[in-house]
Amino acid sequence: MNKPVDPTTLDIPEGPLYASAKKVYPQSASGTFRNVKWGLMAFCLGVYYFLPFVRWDRGPGSPNQAVLVDFPNRRFYFFFIELWPQEVYYFTGLLVIAAMALFLMNAIGGRIWCGYWCPQTVWTDLFLTVERFIEGDRRERMRKAKSKLTPRRVGEITAKHAIWLFIAWWTGGAWVLYFADAPTLVYNLATFQAPMLAYASIAILTFTTYTLAGHMREQVCIYMCPWPRIQAALTDEWALNVTYRYDRGEPRMPVPKAKELRAKSLPSGDCINCRQCVAVCPTGVDIREGAQLGCIQCGLCIDACDAMMTRIGRAPRLIAYDTEVNIKRRLEGLPSIYRFIRARTLIYIAIIAITGLIMLYSLAARSLLGMNVLHDRNPLFVTLSDGSVRNAYTVRFLNKRTDLRSIELTVAGVPHPALHVIGEEQTGRTVVAVGPDQTREVRVLVTVPPDVKLDKSTLVTFTARDIGSGEAVTGSEHFVAP
């Protein structure tokens, strides 16, 4: 049995239990992946900021904003698609597709979502661009951070934060434009006539954008975002990740020493330990240390390393999208292999395709006319003085079109039924008018003659047909008899 240890006798070094994060000063990079990031950043920001101003003609009485979340009228508009609250399952389908697309991207190219598409990455990249434009590149910013404040330095800091706040304010302002007619809301905001909720939403998003993209930056990716942990659990050995090819890069050494060793046919790696891959990394990761949660797979280290390899006359892609499997195969003298099509990618693609096809079919086949039938619970039936049996129902019509519709109501399932809508005149046909983009609830009486033999409960079918277009929907309920 071990003797208990007295904690007071242990020699525990003193120091803080938490080490504060070191500020990262990413250096600018140029190359293939930097150009891809420029293009995607311009595309994403352009769509976000200007999409609310795109118009789409839906006819008279309907909003003409292409993308609109209309809370007062409980509608969501996306170009030619119009969704009602009861069609929330479409959003469920979109969430399934988004999740599977994220999993598919991870299975093929690691965290390419984080490196190119994530809002935190896009806005942080924009804020860094502003910072470099005003304060200079990495070395200049590091030098200025250690130097004393001067009027010029104060001016630079003020200008940087002012532009950051403007971008953050514009970001919050663009968000609220998706919930009301954009030109009208812009005018109301400028003239202080907009709802207080709009100003509060803009203020909150301004603060969060300024804080997350301007100050927290890589800390959001490393500590706040759950996706790196999820991605680490989902990835496999065939997923491409930004990888340092140590089979080619090791042992590291300066260029002159490498030339000397190579002249003697001794091993020498291509990595010259210039640390350019670390300098350009927006999260401060040294990719040569292997896969890490901080690496967002943006590929900037690939561009930086390629530029250095070109400068010293060596082959590019010492850092590249690759797999650990291939590195080990090359060390064994085997060729590299890539497996983009495998079980998990096929499963993700199948789920995306099936969900998408179901949604498309549902959209194409859905009706713009709805009806719900509910039988009265008390009394279940009424026997009239002549022996006829009457049941009462509450029928709710839903008109999803923007024009008035005349709906003819019929019932089948019992012999010789007589329909009467309370409050409507009888003109031979039972017709109910439903206003544009409205619902209407009516009381319907169904009467069966006394000479008809009925079961205690008979299933009947109500049919609502648009007299103008011929569109029809049905609903079922029971007809109760003594």
*Once you have the Cα-Cα distance between LEU266 and THR32, take 0.36 nm times their residue separation minus that, and quote the gain in nm to one decimal.*
80.9 nm
*Report, in deg cm²/dmol and to the nearest 500, the calculated mean residue ellipticity at 222 nm for the chain, where each DSSP H run with n ≥ 4 adds -39500 (n - 2.57) and the sum is divided by the residue count.*
-12500 deg cm²/dmol
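Give a quick list of trypsin sites (Lys or Arg not before Pro) in the stretch 418-473 that DSSP marks as loop, anything other than H, G, I, E or B, with at most 12 other Cβ atoms within 10 Å. Please list the in-between numbers first.
Values: sites: ARG429, ARG440, ARG443, LYS453, LYS456, ARG465; in loops: ARG429, LYS453, LYS456.
The qualifying sites are ARG429, LYS453, LYS456.
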*asked:* Report the Cα centroid-to-centroid distance between the stretch 237-301 and the stretch 159-211 in angstrom, as an integer.
replied: 44
*What is the extension gain from VAL382 to ASP247, computed as 0.36 nm multiplied by their sequence separation minus the C-alpha to C-alpha distance, in nm to one decimal?*
39.8 nm
*What is the distance, in nm, between label points placed 7 Å from the Cα along the Cα-to-Cβ direction at GLN193 and at LYS146?*
5.7
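Give me the dipole magnitude in Debye, nearest 20, for the chain about the Cα centre, with unit charges on the beta carbon: positive for Lys and Arg, negative for Asp and Glu.
Dipole magnitude for the chain comes out near 2400 debye.
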*Enter the accessible area of ILE312 (Å², nearest 10), with the probe set to 1.4 Å and all protein chains included.*
50
*Could you give the length gained on full extension between LEU445 and ARG390, defined as 0.36 nm per residue of separation minus the Cα-Cα distance, in nm?*
19.1 nm
*Going from most exposed to least, what order do ARG405, ARG139 have by accessible area with a 1.4 Å probe?*
ARG139, ARG405
*Work out the charge dipole of the chain with +1 on the Cβ of Lys and Arg and -1 on the Cβ of Asp and Glu about the Cα centre, then indicate which of ALA307, ALA66, THR171 is farthest towards its positive end.*
ALA307
*Report ³J(HN,Hα) in whole Hz for each residue of the stretch 80-93, in order, from the Karplus equation J = 6.51 cos²θ - 1.76 cosθ + 1.60 where θ = phi - 60°; Gly and Pro get x.*
8, 9, 10, 10, 9, x, 6, 9, 5, 4, 5, 5, 4, x
*Cysteines in the chain lacking a second Cys C-beta under 4.7 Å*: CYS44, CYS114, CYS118, CYS221, CYS225, CYS271, CYS274, CYS281, CYS295, CYS298, CYS305
*Arranged from highest to lowest average of other beta-carbon atoms within 10 Å per residue, in what order do the peptides 347-354, 290-297, 80-87, 244-251 appear?*
290-297, 244-251, 347-354, 80-87
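Under the rule a/c < 1.5 gives rounded, and otherwise a/b versus b/c splits prolate from oblate, where does the stretch 45-147 land using the Cα gyration tensor?
Here the stretch 45-147 falls in the oblate category.
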*asked:* Can you find, among ILE202, LEU293, ALA258, the residue sitting farthest towards the positive end of the charge dipole of the chain, where Lys and Arg contribute +1 and Asp and Glu -1 at Cβ?
replied: ALA258
_Let's see if you can work this out: charge +1 on each Lys and Arg Cβ, -1 on each Asp and Glu Cβ, no other charges. What is the dipole magnitude of the stretch 146-236 about its Cα centre, in debye to the nearest 20?_
600
*Can you work out the PRE-style zone for GLN438? Point 7 Å along Cα to Cβ, and I want the residues of the stretch 50-67 with backbone N under 18 Å.*
60-63
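The values are calculated or read from the model by the stated rules, or taken from the named source; none is laboratory data. Note that the structure is predicted; figures quoted are calculated from it, not measured. Neighbour counts are summed over all protein chains in view; Cβ atoms, including those assigned to glycine, are modelled from backbone coordinates with ideal geometry. We work out accessible area using only protein heavy atoms, side chains counted, and drop any ligands, DNA or RNA first. Shrake-Rupley method; radii C 1.70, N 1.55, O 1.52, S 1.80 Å.
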